[in-house]
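The values are calculated or read from the model by the stated rules, or taken from the named source; none is laboratory data. These figures come from a predicted structure and were not determined experimentally. Methodologically, a virtual Cβ is constructed for each residue, glycine included, from the backbone with ideal geometry; neighbour enumeration extends over all protein chains shown. Keep in mind that these areas ignore ligands, DNA and RNA; they rest on the heavy atoms of the full protein, side chains included. Shrake-Rupley method; radii C 1.70, N 1.55, O 1.52, S 1.80 Å.
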Amino acid sequence: MKREKIADVLTNGQVGNDVLVKGWVRSFRANRFVAINDGSTIKNIQAVVDFENFDESLLKRITTASSVAVSGKIVASQGAGQAIEIAVEHVEILGDANPEEVQKTVMQPKKHSMEFLREQAHLRFRTNTFGAVFRIRHAVAYAIHKYFNDEGFYYLHTPIVTASDAEGAGETFNVTNFDPANPPLDENGAIDYSKDFFGKPVNLTVSGQLEAELGALALGQVYTFGPTFRAENSNTSRHLAEFWMIEPEVAFNDLKDNMDLTEMFLKYIAKYVLDNCSDDLQFLHDREVKEDAQKPTAERNELNLIDRLKFVVDNEFKRLTYTEAIEVLKRSKPYKKKKFKYPVEWGVDLSSEHERYLVEKEFKCPVILSDYPAEIKAFYMRQNDDGKTVAAMDVLFPGIGEIVGGSQREERLDILKSKCADFEIPEEDLWWYLDTRKFGTVPHAGFGLGFERMVMFATGMTNIRDVIPFPRTPQNAEF
Ligand code: 4AD
Ligand code: MG
């Protein structure tokens with residue numbers, strides 16, 4: 001008999017048919033009811049064993065976390081909670097799990113802290129919460145590719161090893177083949193990178209944008225979707241040292257087009273998850289409602305997970321400039337009562353407390369802030385006519401903060417060169433980028449979506465470490 005996935009059996013299984021399923025035991029109650037999960041759905045299938053028909057030694061091995069193959073007839077379930085179950089005729093133990101060992105893991109049926117779960121390299125995938133999170137993570141990735149494919153974008157693979165620091169923040173991880181204890185030195189005693197593998201210092205990419213621009217200026221509209229590395233030593237619930245970023249880049253788009261694209265794109269993802277992940281979403285939604293009930297009213301979510309996703313789909317994002325946002329903040333209660341920790345003044349970068357105020361208290365909806373002071377943004381952003389600001393945009397989401405950063409790019413060679421000088425970026429390092437402005441330059445724009453931040457929004461998880469299978473953060477790359 002061919003194995004069927006539990007998701008298929010639960011949706012299409014016909015009473016009376018023979019069926020074979022394989023999976024991991026979630027629980028074995030009353031020596032009779034085995035709950036089996038195979039990852040195809042959050043739901044378990046109930047397999048009923050008539051213990052009189054089976055060897056006791058075999059039944060003993062049906063323990064939580066063990067893997068089994070069971071076959072039998074699909075029957076209407078007597079119990080509540082499921083329409084059908086399997087009347088088991090044959091059981092095979094594929095892999096045993098020692099109950100004493102299981103007791104020390106997350107497979108023990110009680111509530112575990114996220115910290116404890118994070119230490120369990122593979123077993124956290126077996127929990128309902130993480131099963132739901134990683135199925136939704138997959139759906140978000142698929143929705144992203146589908147959206148761009150349907151809109152006529154090309155998926156462009158940009159390099160992971162690069163000599164550039166596109167964002168200029170100096171947070172790169174260096175890549176070298178040298179023996180760290182004994183690197184070759186030049187006559188001044190400095191490390192001689194001309195002898196290294198690539199003949200120069202290189203690092204892991206912080207962004208595929210500059211390369212994507214080269215693609216967009218020939219292919220029209222492209223996007224990247226790849227791993228991104230930043231050695232930011234910020235141990236927050238929103239930062240990873242290795243995360244995934246999606247960076248569309250579109251020739252002939254200006255900042256307004258860029259905002260429109262971002263908004264449609266984010267709405268599309270939210271709608272895709274609502275339409276295609278209902279079981280997992282409902283589980284995570286209910287989990288959040290339960291957790292909220294334990295919290296003081298002030299700390300509860302105003303909207304719960306499913307309603308937050310619907311809100312994004314149904315409501316226009318609030319758009320305002322950085323300058324307007326500063327004015328709003330200066331009129332705000334926390335500003336007047338000196339409750340903000342960081343200064344609010346034209347020219348300073350907004351802190352997350354300011355962003356959260358705008359999104360969660362003032363506008364209560366996603367916000368697109370634009371036209372930031374040139375000094376606090378990257379060199380490649382297009383200079384506005386006021387001479388002070390650039391055509392930048394950040395999208396801020398409730399509970400997440402910045403989810404997207406983007407801009408219209410500086411397409412004018414002379415201004416771009418003077419920006420390189422301002423930011424002390426040697427032109428000879430970026431000749432390949434500057435060249436795009438010499439051979440038929442055009443206005444163009446793009447943005448970067450932090451994939452894990454989007455998955456946080458889609459799952460309601462509040463720590464970014466809980467939406468990536470193997471988080472890399474300062475002091476943490478064990479598995
Ligand atoms: O705002 P950022 O730095 O923008 C860029 O890298 C541009 N090159 C994008 C572009 O215009 N093509 O990063 C974009 C997004 C952020 O808004 C955030 O969601 C996410 O990437 N991000 C991180 N996510 C997790 N961990 C980190 N350390 C992140 N740093 C940025
Ligand atoms: Mg940013």
Quiz item: At what distance in angstrom do the alpha carbon centres of segment 133-153 and segment 177-199 lie from each other?
Solution: 43
Quiz prompt | For segment 212-232 and segment 334-351, distance of Cα centres in Å | solution = 34
Practice problem: Work the Kirkwood hydrodynamic radius out for segment 86-211: mean of 1/r over every pair of different alpha-carbon atoms, inverted, in Å. | Solution: 20.5
Quiz prompt | Rounded Å value of the spacing that divides the Cα centres of segment 114-130 and segment 440-479 | solution = 19
Quiz prompt | In nm, spacing of pseudo-spin labels at D385 and D8 (7 Å Cα→C-beta vector) | solution = 6.2
Quiz item: From the residues P159, T262, N384, which one has its Cα farthest along the dipole of the chain in the positive direction, the dipole being from +1 and -1 charges on Cβ of Lys/Arg and Asp/Glu about the Cα centre?
Solution: T262
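Restricting to DSSP loop positions (anything but H, G, I, E, B) with no more than 16 other Cβ atoms inside 10 Å of their own Cβ, which GluC sites (Glu not before Pro) remain in segment 157-208? Each step should come with its number before you reach the end.
Working: sites: E167, E171, E187; in loops: E167, E171, E187.
Counting only loop positions with at most 16 other Cβ atoms within 10 Å, the GluC sites (Glu not before Pro) in segment 157-208 are E171, E187.
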Quiz item: Expressed as an acute angle from 0 to 90° and rounded to the nearest 10, what is the orientation of the C-alpha long axis of helix 255-276 relative to the principal long axis of the chain?
Solution: 0
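Per residue and in cubic angstrom, what volume does the convex hull of the Cα atoms of the chain have? Could you put the intermediate results ahead of the total?
Numbers: hull volume 94.1 nm³, N = 479.
With only Cα atoms used, the chain gives 197 Å³ per residue.
Exposed loop trypsin sites (Lys or Arg not before Pro) only (DSSP loop, at most 11 other Cβ atoms within 10 Å): please give the longest stretch of the chain free of them, not including the sites. Could you put the intermediate results ahead of the total?
On the way: sites that count: K2, K104, K110, K111, K337, K338, K339, K341, K438.
In the chain, the maximal stretch lacking such sites is 112-336.
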Exercise. Give me the lysines in straight-line cross-link reach of K341: C-alpha distance below 17 Å, same-chain residues under 8 apart excluded.
Key: K330, K333, K361
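Taking Rh as the Kirkwood radius computed over C-alpha pairs, what is the Stokes-Einstein D of segment 6-104 at 25 °C in a medium of viscosity 0.890 mPa s, expressed in µm² per second?
Values: Rh = 13.5 Å.
Estimated diffusion coefficient is 182 µm²/s.
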Quiz item: What residue among V15, S40, T63 has its Cα farthest toward the positive end of the dipole of segment 6-104, where the charges are +1 on Lys, Arg and -1 on Asp, Glu, each on the Cβ?
Solution: S40
Exercise. Using label points projected 7 Å from each Cα along Cα→Cβ, tell me how many nm separate E151 and D254, to one decimal.
Key: 1.9
Quiz prompt | 0 to 90° range, to nearest 10: angle between helix 278-293 axis and the chain longest Cα axis | solution = 80
Self-check item: Accessible area (Å², per residue) of segment 6-104, counting only protein heavy atoms and a probe of 1.4 Å
Solution: 53
Quiz item: For the chain, which whole percent of the accessible surface, found with a 1.4 angstrom probe, sits on carbon and sulfur atoms?
Solution: 50
Practice problem: Would you mind working out the magnitude of the charge dipole of segment 1-108 relative to its Cα centre, with +1 at each Lys and Arg C-beta and -1 at each Asp and Glu C-beta, to the nearest 20 Debye? | Solution: 340
